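K.L.:
Below you will find the structure I want to go over with you.
The values are calculated or read from the model by the stated rules, or taken from the named source; none is laboratory data. Since we're looking at a predicted model, the values are computed, not measured. Neighbour counts run over all protein chains shown; Cβ positions are idealised from the backbone, glycine included.
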Amino acid sequence: DYVYPIPEDKYNDVIEHLRYNFFADEPLNKCVGLCETGRGHSELELHSILTLQDNLSVMAVNGNGQVIGVALNGIQHEGDVDEAIKKLETLNDKKFKQIFSMLYDLNQSLNLFSRYDVTSIFECRILSVDNNYRGRGLANELFKLSIDIASKAGFKVFKVDATGVFSQKISTKLGLETLIELEYRNHLDSATGLPMFTPPSPHTSLKVMVKILQ
Ligand code: ACO
């Protein structure tokens, strides 16, 4: 079953799902060893809760009501990325900062608000499926439902920062176009001159992808 919107009394279950299936598994988090499976990550959890509070997220549950997949969707307003960059400077977690500064810088460079003449953008921030339920089309369905949610809520721009090949495949299939692709091997750490991220195969690039809704 798919549940939208995700009720507040399920937020803890969603976070628990992410601790076991996303925080350690997402290709960039995984390659820097951001956190261990089953353990929390305060910044990522705050990011998830704030996103849930936008009330645009959807989850998949099994017959026992257990959360087996989520698409956490939030609203990005003009200026949010500038604020987020400032906040990042105050944090100590070097790995978290490496990942999010790459994402924020790339987003900032795209000037999406002026490009599309909008004041807010619908953003799919976290797409996650339980390890035991992967490869059955759940992420594809959660993403499709998210596009519907964005459309019905009147957003013009649906965006995702797709960090791995599976989310890129889903996005392409559902009609998103790639605005920019950053190959991880070309994103170098200025201190060492070596690639900052070497995610596990088959993931090789980050794609910022959008769909313009009618
Ligand atoms: N090997 C090869 N192909 C795969 C695999 C795999 N392990 N997993 C998924 N795919 C392909 C599928 O074949 C399918 O392609 P197709 O339509 O051409 O057949 C496509 O990817 C989508 O498959 P789904 O079954 O819908 O995806 P699934 O439910 O397994 O979830 C997800 C995919 C969400 C990426 C899951 O693997 C996961 O939770 N990974 C960890 C977190 C993560 O990386 N999330 C995406 C980061 S980007 C973001 O969050 C915005």
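K.L.:
Filter region 150-167 for residues that are in a helix (DSSP H, G or I) and among the hydroxyl-bearing types (S, T, Y); which is farthest from the ligand (Cβ to nearest atom)? Talk me through it step by step, then tell me what you get.
P.N.:
Taking region 150-167 and keeping what is in a helix (DSSP H, G or I), we get 150-152, 165-167.
Filter once more, keeping what is among the hydroxyl-bearing types (S, T, Y): 151, 167.
Working: S151: 18, S167: 4 Å.
By that ranking, first place goes to S151.
K.L.:
Here's another thing I want to ask about it. Looking only at region 63-73, which residues are touching a residue at least 40 places away in the same chain (Cβ under 8 Å) and either away from the ligand (no atom under 13 Å from the Cβ) or touching a Gly at 6+ places or on another chain (Cβ under 8 Å) (or both)? Don't jump to the end; show me each part of the working.
P.N.:
From region 63-73, those touching a residue at least 40 places away in the same chain (Cβ under 8 Å) are 66-73; that's our starting set.
Q66, the sole residue that qualifies.
K.L.:
Scan (1) within 19 Å of L213 (Cα to Cα); (2) part of a helix (DSSP H, G or I) for the single condition C124 breaks and write down its number.
P.N.:
(2)
K.L.:
List pairs: first in region 74-100 and surrounded by 14 or more Cβ atoms within 10 Å (Cβ to Cβ), second of a type in the set (D, E), Cβ under 6 Å, 6+ apart or cross-chain?
P.N.:
Short answer, once both residue conditions are applied: G74/D54; G74/E123; I75/D54; Q76/E123; F96/E43.
K.L.:
Now for a different question. Which of the residues belonging to region 66-106 are among the polar types (S, T, N, Q) and either under 25 Å from P5 (Cβ atoms) or touching a Ser or Thr at 6+ places or on another chain (Cβ under 6 Å) (or both)?
P.N.:
Kept after step one, since they are among the polar types (S, T, N, Q), are these residues of region 66-106: 66, 73, 76, 90, 92, 98, 101.
Once the filter is applied, which keeps residues that are among the polar types (S, T, N, Q) and either under 25 Å from P5 (Cβ atoms) or touching a Ser or Thr at 6+ places or on another chain (Cβ under 6 Å) (or both), region 66-106 yields Q66, N73, Q76.
K.L.:
Okay, moving on. Could you check region 57-94 and list, in sequence order, the residues that are in contact with a His (Cβ under 7 Å, 6 or more places away or on another chain) and over 30 Å from N132 (Cα atoms)? Before you say what the answer is, go through the steps one by one.
P.N.:
Kept after step one, since they are in contact with a His (Cβ under 7 Å, 6 or more places away or on another chain), are these residues of region 57-94: 67, 70.
Selection gives nothing.
K.L.:
Looking at region 132-149, is at least one residue part of a loop (DSSP other than H, G, I, E, B), more than 8 Å from the ligand (Cβ to nearest atom), touching a Lys or Arg at 6+ places or on another chain (Cβ under 9 Å) and among the hydrophobic types (A, V, I, L, M, F, W, C)? Talk me through it step by step, then tell me what you get.
P.N.:
Filtering region 132-149 for residues part of a loop (DSSP other than H, G, I, E, B) gives 134-137.
Filter once more, so that each one left must be more than 8 Å from the ligand (Cβ to nearest atom): none.
No, there is no match, as no residue in region 132-149 is part of a loop (DSSP other than H, G, I, E, B), more than 8 Å from the ligand (Cβ to nearest atom), touching a Lys or Arg at 6+ places or on another chain (Cβ under 9 Å) and among the hydrophobic types (A, V, I, L, M, F, W, C).
K.L.:
Checking the condition among the polar types (S, T, N, Q) and within 19 Å of the chain's Cα centre (by Cα), which residue from S190, S167 passes?
P.N.:
When all the criteria are applied, what remains is S167.
K.L.:
Which is in contact with a helix residue (DSSP H, G or I) (Cβ under 8 Å, 6 or more places away or on another chain) and of a type in the set (A, V, I, L, M, F, W, C), of L145, L174? Give the derivation first.
P.N.:
Values: L145 fails: in contact with a helix residue (DSSP H, G or I) (Cβ under 8 Å, 6 or more places away or on another chain).
Selected residue: L174, the only one of L145, L174 that is in contact with a helix residue (DSSP H, G or I) (Cβ under 8 Å, 6 or more places away or on another chain) and of a type in the set (A, V, I, L, M, F, W, C).
K.L.:
Which residue pairs have Cβ atoms closer than 6 Å, lie 6 or more positions apart in sequence or on different chains, and pair a first residue in region 193-214 that is farther than 14 Å from V165 by Cα with a second residue that is modelled with pLDDT of 95 or more and of a type in the set (K, R)?
P.N.:
Filtered contacts from region 193-214: P195/R185; V210/K159; L213/K156.
K.L.:
If you go through region 69-84 one residue at a time, do you hit one that is of a type outside the set (F, W, Y), over 23 Å from T178 (Cα atoms), at pLDDT 95 or above and within 17 Å of the chain's Cα centre (by Cα)?
P.N.:
In the first step, residues of region 69-84 are kept if they are of a type outside the set (F, W, Y); the result is 69-84.
When the remaining residues are screened for being over 23 Å from T178 (Cα atoms), the result is 69, 83-84.
Subset that is at pLDDT 95 or above: 69, 83-84.
If we keep only those that are within 17 Å of the chain's Cα centre (by Cα) too, we end up with 69, 84.
Yes, region 69-84 has at least one match.
K.L.:
Scan region 133-163 for residues that are closer than 11 Å to G69 by Cβ and not aromatic (F, W, Y) and report the count. Break it down stepwise before answering.
P.N.:
Pass one, region 133-163, residues closer than 11 Å to G69 by Cβ: 133-134, 136-143, 145.
From what's left, not aromatic (F, W, Y): 134, 136-142, 145.
The total comes to 9.
K.L.:
Out of L56, L44, L18, L28, I need the residue that is touching a Pro at 6+ places or on another chain (Cβ under 9 Å) and either among the charged types (D, E, K, R) or within 12 Å of the ligand (Cβ to nearest atom) (or both). Which one? Quick ask: steps written out before the conclusion?
P.N.:
Details: L56 fails: either among the charged types (D, E, K, R) or within 12 Å of the ligand (Cβ to nearest atom) (or both); L44 fails: touching a Pro at 6+ places or on another chain (Cβ under 9 Å); L18 fails: touching a Pro at 6+ places or on another chain (Cβ under 9 Å).
Exactly one of L56, L44, L18, L28 is touching a Pro at 6+ places or on another chain (Cβ under 9 Å) and either among the charged types (D, E, K, R) or within 12 Å of the ligand (Cβ to nearest atom) (or both), namely L28.
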